[in-house]
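The structure under discussion appears below in the form of C-alpha cells.
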Amino acid sequence: MANISASDVGKLRKQTGSGMMDCKKALVEANGDFDLAVDILRKKGQKVAAKRADRQAMEGVVIAKNNDDNSKAILISLNCETDFVAKNEDFINIAQDILDTAVSADLSSAEEIHDLKLSDGMTVAEKVLEQTGVIGEKIEISAQLIEDVQVSSYIHAGNRLATLVGFNAVTDHQVARDVAMQVAAMSPLAVDKDGIDQETIDRELEIAKDLARQEGKPEEMLEKIAFGRLNKFYKENTLLNQAFIKDGKKTVAQYLKDQHDSLSVTCFKRVGLSN
C-alpha cells in the first residue's frame with residue numbers, strides 16, 4: 001500500500017474541493033495515484049448525480065457579465081438544491097469562475113458552456129459533476145447569451161436574478177442599465193406586442209370576454225371590451241410599452257426616444273430563481 005501523506009491529501013482537496021476524508025479514501029483506493037484518485041472522486045459525483053436525478057435544483061446563483069466593449073453579455077445560472085449551498089462562498093466562486101471564463105473565451109452560443117475549459121483543465125460539465133460529489137446535491141448549469149450593437153447586464157442583489165438586454169445602437173451605460181433593471185423589476189413577456197404569441201393573445205381575449213360577461217356587459221360589446229383590456233395587457237407585459245420604473249409618466253419606449261430618436265431594445269433575457 002502506498003504511503004499517503006497529508007500533503008497529498010491537501011493537494012487533492014485543493015484541486016477537487018472534496019472533503020479531507022473523501023480525498024484520503026480516494027488516494028488509498030488509487031494506491032497513491034493522484035490522477036486515478038481524481039477520477040474516483042468524479043465517479044462519486046456520477047453516483048450522487050444518479051441518486052439525485054429526480055430532485056429539483058431550485059436554489060443557486062444567477063450572475064451575468066459583459067465583455068470589454070459591451071457588444072456581448074453572458075448570463076449563467078448555477079443551480080443547487082438548498083439555499084445553504086447557494087450562499088456558500090466556494091459555490092459562488094465556482095459560478096463566478098465559470099462566468100469569467102465564458103466571457104474571456106468569447107462563447108458564440110450558450111450551448112457551449114458545458115464544454116468550456118476552466119483554468120484547472122476541467123470542462124464545466126466535469127466541474128458540475130465533481131461538485132455534485134463534493135456537495136452531495138443535484139447541481140445544474142444553464143446559460144444565456146446576447147450579442148448586439150450594445151448589451152447591458154444587471155445582477156439583482158443576492159445573486160438570485162439577472163438580466164441581459166440588447167440595443168440597436170450605442171447608448172449611455174446608465175441608460176442601458178436602467179432598462180436592464182426594468183426587465184428585472186417588471187418581468188415583461190416580450191419586447192413589444194409583436195413578440196406576444198398568438199396563443200397568449202387568444203387566451204387573454206377569452207379571459208377578458210368572460211370577465212366582461214360576468215360583469216353583465218352586453219354580449220355585442222364583449223369583443224370591443226376584450227380588445228381594450230388586451231391593450232392594457234400589452235402595456236403591462238411588453239417592455240417598450242411598460243411605464244418606466246424611474247418615471248411613471250413615460251413608457252420605456254419614450255425614455256429611449258429621449259436619448260436617441262431611433263434607440264430601441266432588440267431582445268432581452270431574464271433568469272430568476274423561484275422564491
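Since every read-out is calculated from the coordinates, none of them should be taken as a lab result. These numbers come from a predicted model, not from an experiment. Note: ideal-geometry Cβ built from the backbone for every residue, glycine included; neighbour counts use all protein chains shown.
The calculated FRET efficiency for Ala185 paired with Ser7, based on their beta-carbon distance and R0 = 30 Å, is about 0.05.
Within a straight-line Cα-Cα reach of under 17 Å, Lys250 can be paired with the following aspartates and glutamates, leaving aside sequence neighbours fewer than 8 residues apart in one chain: Asp178, Asp192, Glu236, Asp258, Asp261. Taking Cα centre as origin and charging only the Cβ of basic (Lys, Arg, +1) and acidic (Asp, Glu, -1) residues, the dipole magnitude of the chain rounds to 740 debye. Once the Cα atoms of helix 173-186 and of the chain are each reduced to a long axis, what angle between those two axes, in degrees from 0 to 90 to the nearest 10, is obtained? That helix lies at roughly 80 degrees to the long axis. Seen against the Cα atoms of the chain and their longest principal axis, helix 124-135 is set at about 70 degrees.
Given the -39500 (n - 2.57) contribution per DSSP H run of 4+ residues, what per-residue ellipticity at 222 nm results for the chain, rounded to the nearest 500 deg cm²/dmol?
-14500 deg cm²/dmol
Compared with the dominant Cα axis of the chain, that is its longest principal axis, helix 198-214 is turned about 50°.
I need to check one value: relative contact order of the chain, counting alpha carbon pairs closer than 8 Å and at least 6 residues apart, in percent. Can you show the working numbers first?
Working: 473 pairs, mean separation 49.2, N = 275.
Here the relative contact order equals 18 percent.
Report note on the peptides 166-173, 125-132: ranked by the mean count of other C-beta atoms within 10 Å, highest first, their order is 125-132, 166-173.
The list [x] 0.99; [y] 1.13; [z] 1.25 gives values of Rg/Rh (Cα atoms, Kirkwood Rh), and only one came from this structure; which label was calculated from it? Given [x] 0.99; [y] 1.13; [z] 1.25, the calculated one carries the label [y].
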